[in-house]
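Scroll down for the structure; my scribbles are underneath it.
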């Protein structure tokens, strides 16, 4: 495996994604407290795998995602030094 350098911005984004996934795992565990931690984690992975289909079937949610992406790109273009 080749090592590649990860920027601090990418690392921070990954940390945020891991945090949000952990929140989903906690939420799923609260829905069914009898699930073991590994089961709640696997179920969370299943939920994440459903997201592309959910987004494609829910135009309001898809448009919201696109709006956030556009706002992120605008912010980046206003402050190119932050890249």
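The values are calculated or read from the model by the stated rules, or taken from the named source; none is laboratory data. Bear in mind that the values here come from a model prediction, so they are computed numbers and not experimental data. Every residue, glycine among them, receives a Cβ derived from its backbone with ideal geometry; neighbour counts consider all protein chains shown.
Quick notes
- Residue check for residue 40: farther than 23 Å from residue 12 by Cα and either at pLDDT 95 or above or surrounded by 10 or more Cβ atoms within 10 Å (Cβ to Cβ) (or both): yes
- Selection status of residue 19, in contact with a helix residue (DSSP H, G or I) (Cβ under 9 Å, 6 or more places away or on another chain) and free of Cβ contacts under 8 Å to residues at least 24 places away in the same chain: no
- When residues in the stretch 26-47 are screened for being part of a helix (DSSP H, G or I) and in contact with a helix residue (DSSP H, G or I) (Cβ under 7 Å, 6 or more places away or on another chain), 7 of them pass.
- Criterion: part of a helix (DSSP H, G or I), at pLDDT below 95 and out of contact with any helix residue (DSSP H, G or I) (no Cβ under 8 Å at 6 or more places or on another chain) - qualifying residue of 81, 60, 64: 81
- Any chance residue 69 is part of a helix (DSSP H, G or I) and touching a helix residue (DSSP H, G or I) at 6+ places or on another chain (Cβ under 8 Å): no
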